[in-house]
Structure formats: C-alpha cells, structure tokens
Amino acid sequence: MEKRYLTCIGCPMGCALTVNLSGQEVVSVEGNTCKKGKIYGEQEVISPVRTVTTTVAVEGGKLPAVSVKTRADIPKEKIFDCVRALKGIRISAPVRMGQTILFNVAETGVDIIATKTVDAR
Amino acid sequence: MYDVVIIGAGVTSTACARELSRYQAKICVLEKEEDLCCGTSKANSAIVHAGYDAREGSLKAKLNVRGNEMMEKLAQELDFPFKRNGSLVICLHEEDFPRLKELYDRGIKNGVRDLRILDGEQVKEIEPNISDQVYAALYAPTAGIVCPFGMNIAFGENAAANGVEFYFDTEVNGIIRTEEGWEISTSRGTFQTRWIINGAGVYADRIHNMVSGKNLHITARRGEYCLLDHSAGDHVSHTVFALPGKYGKGILVAPTVHGNLLLGPTAIDTENKEGTCTTREGLDQVLEKAGMNVKNLPMRQVITSFAGLRAHEDGDDFIIGEPEDAPGFLDCAGIESPGLTAAPAIGEMAAGILKEKMGLKEKADFISERKGILDPKTLDKDAYRKLIKEQPAYGNIICRCEKITEGEILDAIHRPLGAKSLDGIKRRTRAGMGRCQSGFCAPRTMEILARELQVDMADITKSGGHSGIIEGVNKDSL
Amino acid sequence: MENYEIVVIGGGPAGLAAAISAKKSGMRKVLILERDRELGGILNQCIHNGFGLHTFKEELTGPEYAERFIRMAQEAEVEYRLNTMVMDISGDKKITALNKEEGLLEIQAEAVILAMGCRERSRGALNIPGYRPAGIFSAGTAQRLVNMEGYLPGREVVILGSGDIGLIMARRMTLEGANVKVVAELMPYSGGLKRNIVQCLDDFGIPLKLSHTVVDIKGKERVEGVTLAQVDEKGKPIPGTEEEYRCDTLLLSVGLIPENELSREMGVKLNPVTSGPQVSESLETSVDGVFACGNVLHVHDLVDFVSEEAEAAGRHAAEYIKAKREDRREPEAGSAQEQIPLETGEGVRYTVPSFVRPEYMEDSLKVRFRVGKVYRNCYVNVRFDEEQVIHKKRLYAAPGEMEELTLKKEQLAEFPQLKKITISMEEA
C-alpha cells in the first residue's frame, strides 16, 4: 500500500496526515484530529486544486499592472501553465474588478478575472 | 589642460575644490563612484571635534582646532546642518583620572578653548543619562555635530557653482609625468593637468605611489555603527566619549543633527579597501560598550547599522604636501579622524599652498554662498501654504518617516551635481533614512527618479554601478 | 479650519470599517485622511486569496476585500482625502495635514480614530551584519513592486522570516519566474498559517529552515549571496553551522510594528509589548475622544478581525460624541477607581483592551490576546481577582494566532468590588 504524508491546512493545528492509497483509491487517512482532516487528505491526494493569483500588465492605466485570479480552483499541476499563459498579455485600461482577462486558461475550463479596478491614466 | 585635477569627491577633496574655486584656475574633480560623498565621508561619527585628542604640534591637532573654528561661518555660508552641542569624555574610575587630566592638558596646548573638567555630580546635572558611576568628565563646549553629507555636498555644489568640473564614475588608473605637468589615465579617458591634489581617501596611497617613490601605506580601519530612531535622539544632548583606556578607544554615544542617536565606532584594520561590511562581533561590541557610559540606551530603537573605513596612514598624522620626488602633486592623505572637522582647514591649507606655488589670482566673481535644499518643515504655516500653491510638489509627502516631500526630492535631482540614485536622494534629503529604512518610499522615489531622469525603472540604482534595484518584469523568464 | 465629527487617520481596512460604522451609528460628518493614492491600504498589494471568510463568507483577494469596503464607504457617504499626510494631531483633536491641492489643512474633530496600520521591521532592527548592497527588500516592498507595478525585484531569492508575508512572497516570486532557494526562520516554529506553508512552500519544493538566521550578506553593489546559520535556544547563531546561498535578493519578513509616531507625539500612552496604544473596552486611548483600531493598535493576522475591531471603534467613537452632546459623559470618565485592568498571567503576552470600565461596557466584550509559545491541549483561564470565572479548553494555541474570548457584562456585575481581571494559559 502506498502512503502519502501531508500537513492538514484545515486549521492552525496542522495535523500530520498519512493517507493510505491502494492504486487511485484512498483506503484510509490517519493522524487527523477532525473530519476536516479526512476530507482534506482525500481531496489533496486524489485531485489537489489551487486558486492562482498573479498579475497582468496594463497599458495606459494609473498602475502598470493589475492583479488577477482564476475564477475557480484549477488542478495543482496546471499552476505554471496558467501563469505562462498570462505572459505577454497586455490589457488596456480601464480594467474593472471582475472583468474577464482570459477565457479557459491553459485548457482548465476556468477563466482569469481581474481582482482590482485600474482606471485609465 | 587643467590647472588642477583633484582626485576624489569626498569631504577633503571637495573642501579643496571649494577653496581653490576662489581663484582663476581651470579645475576638475575625478571620482570613481557615481556621486559625491561615497566613501569615508558618508560613514563616520559626524563629529566636529574640539581638538584635544591629537598629539601637540601634529597637523591633526592644528587643522582640527582651525577646522572647528571655521565651522560656524561655513555652515552659514553653505547652508549645512551644524550644531555646537559640546562633548564629554567620561571617566568612570578615580584611578583613570590622570588620563583625563592628560587629555585636558593636551587640549590646552592645542589651543582648545573653554575646556573644563567636571565632577560626577556636575556631569549628571548636564547629562542625566550618564552612568551613575561617573567620576569626572572632560567637557568641551566647542565640540559639535554636523551632517557629513550636507557638508560634503555643500562644498561640491559651491565649487561647481564657481566653475569646478566634476567627472563621476571616473576611476584613475595611472599617472605619468609630462613636460607641463601630469597625464592622468582614467576609466573615462585621459586628463592633462599642471597640478594634482590627491584626496583619494583609503586609496590615497595607491594614487601617491603612482607618482612617488617615497611610498605611503594606508590601512583601511573599519568602524561599525548603529543608528537609533528619532525617538531615542534626545537620550543624550552632548557627544559622549569613553576615556581611551585599557579597553581601547571606546564607543561614543552622540545625537545627530537630524535628531537620531549614533553609537560607534569599532576599530578593525582590514586589507580590503572596499570592506564596509558590518560584522556580528562588531555590532555586538558597539551595543555592549555604548552602555558603559550611558545608561538605559533604548537598543530596540536601532534602525540601521553601517560601517565606514578610516584612512589610517602608518605615520599616524595627516600628510599634506608635495612629495620631494613629485613636485606638482599635493597629497591630502591619511585623512582619518578628526578629518571631517579638519576638512575646511585642509581645504584652506591646500589652496594656500597652490596659490603660492602657482601664483593663483583671486576671482572677482567668486560666489561664497550656497543654498541647501529647502526643508519646508522649517517654514511658518503661511509661508508653507504659499510654497505649496506655487509648487504643489511640496505638498506631497514621499518619505513618511522623515516627512520628505516630492518638492525636496525634485530639488535634489535637478540641482547642480544632482542625485541620480536612491542613496543620492537619501544623502541630500533624508528620504529613506528613517525608521522604515525606505520600505515605503523606495518604490515612489524610484518612480520620481525614472520620470525626472527619463530612464526606465530598471535603470534606477541604489548607488550607481551594478546596484540596480529591479531585475526585470513579472514572468519575463517563464 | 474645517470641522468634522469624526476624523479617521488612515484609509486601509481598519479606517474604512471604522468610518462606515461611525456613519451607521448616526454620525453625519466623517472624514478619512489617507496618505496613499487610493483607499484600501496594504490590501491593495495583498493580491492572494484567503480574505473575507468571516466577514463575507467567501474567499476574496486583498484588492477585492478592499473594494467591497470602499464601495460601502462610498454608499455610506464617508468623505475622504487621498495623498494626504497627517503631520500632527494636537491633544484637543486639531489635525494638521498636507496635500498637493489644498496645501496645509487644519481640521477640528470631535473624535479621532487612529487607523494608521503598521510598518515592517527593517534589517537594522535585527542587526544583520554584512554589506548593504541593492537587493535587500522588506517583503512588503517587494510585494508592492511585484503585485502592483509588475516589477521583479530579483531572480535568485532567499527569504528570512516565515510569517505569512514571507511565505506568500515565496510563492509570488516563484510564480513570476524567480527561484526562491530557501525560507529561513529564527524561531523553532513558523509564525505563518499551515495553509501557507503547504501552498506557498511545499507546492514549489521550497525548503523551510527553522531556527536559522542570516549571519552575513555578501556583495558590494548588488547582493551576491547570504550566509545562513542555525541558532541556539536564545537565538544566537551556532558557529560551524554556516551555509552559503548564492542569490541576488534577500527578502526580510521579520515582523510588523504599529505606526504610532503620531499617537506618541499627541501624548497617547503606548503598551510596550504591542507598541500600540493602551485602550479601554471602548478602544479609547489615554487621550479623551481618541480611539484606535486595526494594526496600529496591535498587529493582526486576519483582516476580518481588523474589520470587526474597527467596526467597534467607529461605534464607540460615535457613542462618545452622542454622550458628550447629551451631557451623559462625566468629565472624570477615565478616573482610576472605575478602571479594571486586564492583566496578563502565565503564557499571555498582552491583551486588548488593557482595561475595562464596566459602566461603558456593552453586553459582551471581545478580548483579544496573544500567547507566548506553542500550546497543544491547553486551557485559557480568566480570573476575576482570585476567582476563576472562565476555564476553557483549546486544542492548540500559538504566538502566530491571535486568540480571543468574550467577557459578559452580567458576569462583571456579579463582582462589584472587582480590582483586576487576569488572563492566563495553562497546560493540560
């Protein structure tokens, strides 16, 4: 049986989890103090996901860059594909918070949206 | 063909430049760094010494006392911060008293005015935070504190206003004798000149040895300091020295003209003339020894530490004069403490020598005064309002800690020999010198520099050369 | 001279929430003075997510959280001036401020709310030896450059300090193309959230070295390398454990200090542990009618709690003004007999507030505090004089996590002669 070792992020305790795997199936989670730990352990081993936050260059804005995020979580292994897809993108001011910057980033089905308003200069 | 080339743009060299600019002569200054005040002049105790330290009859003693006398008038003419706050040399133990008396006697011989010995009670009265164990102190009311950047930059700007040319990022690589004088080869071309003044600080031996067989040897003697926030600035009002004794020269505690508190220096000889690093041992020593004479030092208020290199010559005195085998070459070498105090007097002496040897004639149109950067905090409210109306940049605070406005930063950039880097701005305006150490203002100051100098943000440096601050833009390497 | 009921110093999360709350409590003229070019404060550069779970029940980035509060402030018709630096506040609440357009402003306030936030500790405060080249940034300065301006301050990075800002910047620099070689932490534990250790370091294989510090910085012009060493229990480097890292950048994330220069100059008494004002149950400082909230009062970990605290400060400031108008407030409101000090017992570093005046207390009072070390399975104890009134089990407590507990007014009413309240930790 394969074992994976994780730190639970559910709360400040940071329980050391051991997730026992049989192939792609989670057999058991050990070391958790509460239910959150079990759910996290299973999710993090089978299909870990992350929200990515980064910046995109702005043309003609009061600031030279705008902060952006993935509208929803994307698979963890796509993090770098996601930021690479944003390289070289320049968006014209004004940019509104919530505005879509890039559709379907790195074939994840998730859009990149602005998290800040940047007015035109 | 120059009449005089001055090597170095520290306080000694610029004092010489300013004094020589009284005369009809073509003069230039060559500096290897990007700005004035980049070596020993920027990292020292900022003290105007009274003059009791140096051996009687030495140049150090003579020029210290003379420089001290000149300081008031100069600070007025050239508009740099100077304050006669007086100094105390603290004697903690009765058995050390003879050595305090020795200092007093030497001071009297050197011509220091108003020197007095105070008993313990008298010391505590004028300086309540002195150690309870104080036995006596040597009180020198003529001692003072000065802004070393302010003085150095004032000399430079005034010299420039009087026609002295300045070449920065220009390192001297070699000097050869010519029929009329000297040819100096530098990283930026060659310079022909009749006379050379060597004010190269810790490198003065290297420059000297290019022309003279009577070699000099200068040791870089590192001194480390800790600077405390304004909130600690009135912990003492006098400059407090330790009595030199079995534990070495001791650590001074001094207010600065800008209201900080300065502790230091250590003294470590190094062969590295660029070795301005601080060390764990050095900083520990500063913090430990500073507390020997002054109690309750608020060490949590340290905002920065730094190290400077003293240019210590083997003969332990200033060397000012022509080497026998190199006429037309004037050394101003071995300028360590009390070099800052003595700088005006060194300038006067060097200019005097050249005036005589070269037969220089005074200019009719010498400009003796220079205005520093206006600090709007010194204005009354109505004058401040009027200023902002005329120049709104004075209403825009860039450095929060020192409350420095965009107006002052613009002045620093656009005046003669203006600032080109963050450190250049800092030395001229104090922006970035406060308790957050430029955390908040650095990006904004960089923005102003880039805009005013019409360069890219990536070209803005901390202190010229390869000290760029921005390495690229986001994702450029992905 | 302009007149306002309440002037709020600082337009970050604390100032915004305080101003909105003051408006909602019936104040008509509320003004925020903000020194930066936009409202929102440091949130504008905190572009990562994780904000707002308590306040909005959803996960927002810093700018999104700020923008919601800015909208609420606009809807509540809070007035504000940007690019405006407060130079001085007098004891009678006359404020002198400065901006480009209006020059030197003088404003008379009936009440003042301090919400200036905090600043980062610099290298000097740690006395890190070495050279002083370009390439040494506080994490916040780097964060501003990367997140707001799109500039990369370095390519090969070492980070000192594993608080949340240090961890977050490790990920941000990595995502923008830098190589973060190591995060060093002086303490034997990280002050950051577990989630950040996992998602900012572990995700990218960045090592975390606990009980390590920087003992040397190399490079005369630009950083060329730093030396890390292990430290002993007292935080002193252990000779022989030095390790060199070649890098062009050192980020320092070594603590935050409340920005209380204005407060100190106006005579506000500060708590030496927090470096923030000593405040009452109403978050009122030692200067009558001057309140404090957010990071200027004590450094928080979560902006949601800043908003909550600031909301209380706005409410209390409004109540102060109303009481004064109705002549309800006795001139000797802060006299010593009525103040019950909150004292720190075993394991507790500080509390906010510092004292309670029962007659000004609302039905319940949130007391926030920090512990001095990591506890697993412990109790939080509250004693009224010598009598234990709260004995509450906690699975975990750590210095990096602000703790809170609630005192009830009815509880205090049972102790009319109460002299002091003591909060302490107990190992189970």
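The values are calculated or read from the model by the stated rules, or taken from the named source; none is laboratory data. Just so we're clear, the structure is a prediction, and the values are computed from it rather than from any experiment. Heads up, the Cβs are rebuilt from the backbone with ideal geometry, glycines too, and the neighbour counts pull from every protein chain shown. The protein model used for the area step is the full one, side chains on, heavy atoms only, and it has no ligands, DNA or RNA in it. Shrake-Rupley method; radii C 1.70, N 1.55, O 1.52, S 1.80 Å.
Brief remarks follow.
- Filtering C:D88, C:D92, C:D36 for residues that are open to solvent by 20 Å² or more (accessible area, probe 1.4 Å), in a strand (DSSP E or B) and either within 13 Å of another protein chain (Cβ to nearest Cβ) or not basic (K, R) (or both) leaves a single hit, C:D88.
- Checked against the criterion of being within 12 Å of chain C (Cβ to nearest Cβ) and surrounded by fewer than 19 Cβ atoms within 10 Å (Cβ to Cβ), the range B:249-271 contains not a single residue that satisfies it.
- Residue that is most open to solvent (accessible area, probe 1.4 Å), among those in the range C:59-76 that are without any contact (Cβ under 8 Å) to a residue 12 or more places away in the chain and outside any helix (DSSP H, G or I): C:E59
- Within the range C:204-224, restricting attention to residues that are without any contact (Cβ under 8 Å) to a residue 60 or more places away in the chain and on the phi > 0 side of the Ramachandran plot, the residue that is farthest from the other protein chains (Cβ to nearest Cβ) is C:S211.
- Top-ranked residue of the range B:299-312 - restricted to ones that are at pLDDT 95 or above and not hydrophobic (A, V, I, L, M, F, W, C), ranked as surrounded by the most Cβ atoms within 10 Å (Cβ to Cβ): B:S305
- Evaluation of B:K420 against (1) closer than 11 Å to B:D35 by Cβ; (2) crowded, with 24+ Cβ neighbours inside 10 Å; (3) not polar (S, T, N, Q) (one fails), failing number: (2)
- Put simply, of C:L283, C:L302 the only residue that is of a type in the set (A, V, I, L, M) and modelled with pLDDT under 95 is C:L302.
- Cβ separations smaller than 8 Å between residues 6+ apart or across chains give the following pairs from the range C:15-32 residues that are on the phi > 0 side of the Ramachandran plot to residues that are open to solvent by less than 10 Å² (accessible area, probe 1.4 Å) and part of a helix (DSSP H, G or I): C:G26/C:A318.
- B:V65 vs. criteria buried (at least 19 other Cβ atoms within 10 Å of the Cβ), on the phi < 0 side of the Ramachandran plot, among the β-branched types (V, I, T) and not in a loop (DSSP other than H, G, I, E, B): yes
- So C:L365, is it surrounded by 12 or more Cβ atoms within 10 Å (Cβ to Cβ), modelled with pLDDT of 95 or more and over 30 Å from C:Y189 (Cα atoms): yes
- Residues that are within 14 Å of chain C (Cβ to nearest Cβ) and open to solvent by 20 Å² or more (accessible area, probe 1.4 Å) within the range B:281-296 comprise B:E281, B:D284, B:Q285, B:L287, B:E288, B:N296, listed in sequence order.
- Scanning the range B:78-96 for residues that are open to solvent by less than 60 Å² (accessible area, probe 1.4 Å) and in a helix (DSSP H, G or I) yields B:L78, B:D96.
- Test for B:T190: is it in a loop (DSSP other than H, G, I, E, B) and hydroxyl-bearing (S, T, Y): no
- Condition broken by C:G192, with the remaining ones in (1) in contact with a strand residue (DSSP E or B) (Cβ under 8 Å, 6 or more places away or on another chain); (2) open to solvent by less than 20 Å² (accessible area, probe 1.4 Å) satisfied: (1)
- Taking first residues from the range A:99-121 that are under 14 Å from A:V83 (Cβ atoms) and partners that are open to solvent by less than 30 Å² (accessible area, probe 1.4 Å) and small (G, A, S), the Cβ contacts under 6 Å between residues at least 6 apart in sequence or on separate chains come to A:I101/A:A114.
- B:D132 being free of Cβ contacts under 8 Å to residues at least 40 places away in the same chain, open to solvent by 60 Å² or more (accessible area, probe 1.4 Å) and under 25 Å from B:D234 (Cβ atoms): no
- Flag for B:R428 being touching a residue at least 40 places away in the same chain (Cβ under 8 Å), closer than 18 Å to B:D79 by Cβ and either open to solvent by 20 Å² or more (accessible area, probe 1.4 Å) or within 13 Å of another protein chain (Cβ to nearest Cβ) (or both): yes
- For the range C:368-412, the set of residues classified as among the basic types (K, R), open to solvent by 20 Å² or more (accessible area, probe 1.4 Å) and assigned to a strand (DSSP E or B) consists of C:R370, C:R376, C:R383, C:K392, C:K393, C:R394, C:K408, listed by residue number.
- Answer from B:I388, B:I404, B:I346, B:I335 - the residue that is under 20 Å from B:M151 (Cβ atoms), touching a Gly at 6+ places or on another chain (Cβ under 8 Å), open to solvent by less than 20 Å² (accessible area, probe 1.4 Å) and hydrophobic (A, V, I, L, M, F, W, C): B:I346
- Residue match in the range C:113-132 (condition: within 14 Å of chain A (Cβ to nearest Cβ), in contact with a Pro (Cβ under 8 Å, 6 or more places away or on another chain), under 28 Å from C:A97 (Cα atoms) and open to solvent by less than 10 Å² (accessible area, probe 1.4 Å)): no
- Residues (open to solvent by 50 Å² or more (accessible area, probe 1.4 Å) and not polar (S, T, N, Q)) located in the range A:1-23: A:M1, A:E2, A:K3, A:R4, A:Y5, A:C11, A:A16, A:G23
- Checking C:Y396 against (1) in contact (Cβ under 8 Å) with a residue 40 or more places away in the chain; (2) within 23 Å of C:V299 (Cα to Cα), the condition it does not meet: (1)
Quick grid of which residues meet (1) within 14 Å of chain B (Cβ to nearest Cβ); (2) without any contact (Cβ under 8 Å) to a residue 12 or more places away in the chain:
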{"residue": "C:G235", "(1), (2)": "yes, no"}
{"residue": "C:V254", "(1), (2)": "yes, no"}
{"residue": "C:E281", "(1), (2)": "no, no"}
{"residue": "C:E284", "(1), (2)": "no, no"}
{"residue": "C:V296", "(1), (2)": "yes, no"}
{"residue": "C:E326", "(1), (2)": "no, yes"}
{"residue": "C:Q339", "(1), (2)": "no, no"}
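- Counted residues, the range B:441-469 - those being more than 29 Å from the chain's Cα centre (by Cα) and either more than 7 Å from chain C (Cβ to nearest Cβ) or surrounded by 21 or more Cβ atoms within 10 Å (Cβ to Cβ) (or both): 5
- Yes/no for B:N162 being out of contact with any Asp or Glu (no Cβ under 7 Å at 6 or more places or on another chain), on the phi < 0 side of the Ramachandran plot and open to solvent by less than 10 Å² (accessible area, probe 1.4 Å): no
- Residue match in the range B:400-419 (condition: in contact with a strand residue (DSSP E or B) (Cβ under 8 Å, 6 or more places away or on another chain), away from every other protein chain (no Cβ under 12 Å), not basic (K, R) and not in a loop (DSSP other than H, G, I, E, B)): yes
- Selection count where residues are more than 12 Å from chain A (Cβ to nearest Cβ) and β-branched (V, I, T), scope the range C:144-203: 7
- Against the numbered list (1) within 21 Å of A:K69 (Cα to Cα); (2) crowded, with 18+ Cβ neighbours inside 10 Å, C:S138 comes up short only at (1).
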